[in-house]
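The values are calculated or read from the model by the stated rules, or taken from the named source; none is laboratory data. Since this is a predicted model, take the numbers as computed values, not measurements. Glycine also receives a Cβ, built like all others from the backbone with ideal geometry; neighbour counts cover every protein chain displayed.
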Amino acid sequence: MGRFHLLSLTRFSRELFLRYLRPASDQLLYLASPMNSQEIRTAAAQKQRLAAKKKTVFLFMGRLNEFKGIRWLLDSLRGELPPRTLFLIAGDGPLRALTEEFCRRHPAHCKFLGEVSGASKHKLLLATDVLFCLSVGGDMSPLVIPEAFGYGIPVIGTAAGAIAEWITPAETGWLVAHGSRENLAAVVAEIGARRALLKGYSGNCFRKAAANNSELHARAVLDRYRELSRRSPGNS
């Protein structure tokens, strides 16, 4: 294989590429919010109008399989669930039947939505207070996290892989040890008991998304490609 340039989106993915490949360069570009600056401002204004709702809404959105951590989440929620909380689960996959059964047993706290997209997904994210991103650790650039930040949603994430790079504890979310039901349940209970702390987290997420919106990201990618083009042997 010939030498090539690598523009990696996370430190985790860059380290994997460097271990197994031999790129000519190893520059890093952080994954941007998929939303532009106007979309982020609009989401912030819409979110503000929903701030008075009484329940804290948690969302799992993704593939319903072992890798994404849905079984771990359901196991962590067994027992008495925090009052004034609602757990929404959106997605499909091999553990769908398990997920639907859990939601049927806890109708006051849990709701299964199936797959969502388009306007339904936008409405769902506006109504969400906290997102789960519980992958085993092999996610190299989880788009769902910057997407959540664009809606002012802090994230409970696995303290592994690229997920840990995105979340700043006590600012934009919480990191939990993968597989620890006690750790995850304790974080959920704390958030449920202290809903007021979410306002500060949400503001931090909006600011992070605005500082790395899709327009700025596209500009950074083009700048890097121009730089690499100038440095290539054919242009020297």
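What about residue 139, is it crowded, with 22+ Cβ neighbours inside 10 Å and in a loop (DSSP other than H, G, I, E, B)? Talk me through it step by step, then tell me what you get.
Values: crowded, with 22+ Cβ neighbours inside 10 Å: yes; in a loop (DSSP other than H, G, I, E, B): yes.
So residue 139 passes the test.
Scan segment 161-175 and give yes if some residue there is closer than 22 Å to residue 110 by Cα and of a type in the set (Val, Ile, Thr), otherwise no.
Within segment 161-175 (the criterion being closer than 22 Å to residue 110 by Cα and of a type in the set (Val, Ile, Thr)), the answer is no, since none of the residues qualifies.
Starting from segment 183-197, take each residue that is within 10 Å of residue 58 (Cβ to Cβ) and touching a residue at least 12 places away in the same chain (Cβ under 8 Å) and list its partners that are in a loop (DSSP other than H, G, I, E, B) and aliphatic (A, V, I, L, M), counting only C-beta distances under 8 angstrom and pairs at least six apart or across chains.
Hits for this filter: 188/77.
Evaluate the following for residue 167: is it without any contact (Cβ under 8 Å) to a residue 40 or more places away in the chain, among the β-branched types (Val, Ile, Thr) and surrounded by fewer than 24 Cβ atoms within 10 Å (Cβ to Cβ)?
Details: without any contact (Cβ under 8 Å) to a residue 40 or more places away in the chain: yes; among the β-branched types (Val, Ile, Thr): yes; surrounded by fewer than 24 Cβ atoms within 10 Å (Cβ to Cβ): yes.
Taking the combined requirement at face value, the residue satisfies it.
Provide a single number: the residues in segment 53-85 that are in contact with a Gly (Cβ under 6 Å, 6 or more places away or on another chain), among the polar types (S, T, N, Q) and buried (at least 22 other Cβ atoms within 10 Å of the Cβ).
Selection size over segment 53-85: 1.
Among the residues in segment 55-69, are any part of a helix (DSSP H, G or I) and either of a type in the set (Gly, Ala, Ser) or more than 24 Å from residue 202 (Cα to Cα) (or both)?
The answer is no; no qualifying residue exists.
Sort through 40, 89 and tell me the only one that's touching a Phe, Trp or Tyr at 6+ places or on another chain (Cβ under 7 Å), among the aliphatic types (A, V, I, L, M) and either on the phi > 0 side of the Ramachandran plot or modelled with pLDDT of 95 or more (or both). Walk me through it before giving the result.
Numbers: 40 fails: either on the phi > 0 side of the Ramachandran plot or modelled with pLDDT of 95 or more (or both).
Only one candidate qualifies: 89.
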